[in-house]
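Inspection log for the structure reproduced underneath, given as structure tokens.
Every number in this text was worked out from the coordinates using simple rules, so none of it is lab data. Just so it is clear, the model here is predicted, and its values are computed rather than measured. Glycine also receives a Cβ, built like all others from the backbone with ideal geometry; neighbour counts cover every protein chain displayed.
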Amino acid sequence: MAKFNRGGKKEVPPLATTSLPDIVFMLLFFFMATTQLREETALVTVKLPQASEIAKLERKDLASYINIGTPVISKQAEYGTDARIQLNDSFKTTDDIRDFVAAERENLSEADRTFMTVVIKADENVRMGIITDVKQELRRCSALKIMYSARQAGPEN
């Protein structure tokens, strides 16, 4: 019987990468659609009060958040345990709210500025005097569309 001689070493065919860009773009779009970006770091602890009626924000991109509560444990040595106001990523006073609202309005388009909503996220144990001071300052700078963040009342909460 004749013996067949292989002429050389057999090479492995190259890996087909024609569908690789499609797979990468599908993964990219998936993660872009499902990931929520955090805009600010929470420096205060907020346990939201219960609400009997809840209205959802129509456009979250037009919302500016004011967090009011006790500082997180890592910041209590520096800022104490009294309730503080957080605007963006730093502690501020009620005097700084006017600059905060002006800066947030500047970030919006001219048509959207009238629809800007200020959302107050306050801990359920915060004194009402702080909330009133914040609301008075918002009135002075004509930020009249205000919502309060709360959790829905029910047996599961």
Once both label points are put 7 Å beyond Cα along the C-beta direction, the residue 45-residue 73 separation in nm becomes 0.8
Tell me the net charge near residue 44. Cut-off is 9 Å between Cβ atoms, residue 44 excluded, with +1 for each Lys or Arg and -1 for each Asp or Glu.
+2
Principal axis box of the chain, alpha-carbon based, largest edge first, Å:
103, 41, 37
Among 29-36, 136-143, 55-62, 118-125, the order from most to least packed when residues are scored by Cβ within 10 Å on average
118-125, 136-143, 55-62, 29-36
Do the sum for the chain: with -39,500 (n - 2.57) for every DSSP H run of n ≥ 4, divided by all residues, what is the mean residue ellipticity at 222 nm, to the nearest 500 deg cm²/dmol?
-8000 deg cm²/dmol
Report the extension gain between residue 127 and residue 93 in nm, rounded to one decimal, defined as 0.36 nm multiplied by the number of residues separating them, less their alpha carbon distance.
10.7 nm
Once the piece of chain linking residue 108 and residue 25 is laid out straight, how much longer is it, given 0.36 nm per residue of separation minus the C-alpha distance between them?
26.9 nm
Exceeding 18 Å between C-alpha atoms, which entries from my cross-link table qualify? They are 92/145; 56/145; 92/135; 47/92.
92/145; 47/92
Taking the Cβ of residue 138 as the center, what net charge do the other residues with Cβ under 11 Å away carry, scoring Lys and Arg +1 and Asp and Glu -1?
+3
Once the Cα atoms of segment 81-144 are picked out, what are the Rg and Dmax in Å?
12.4, 41
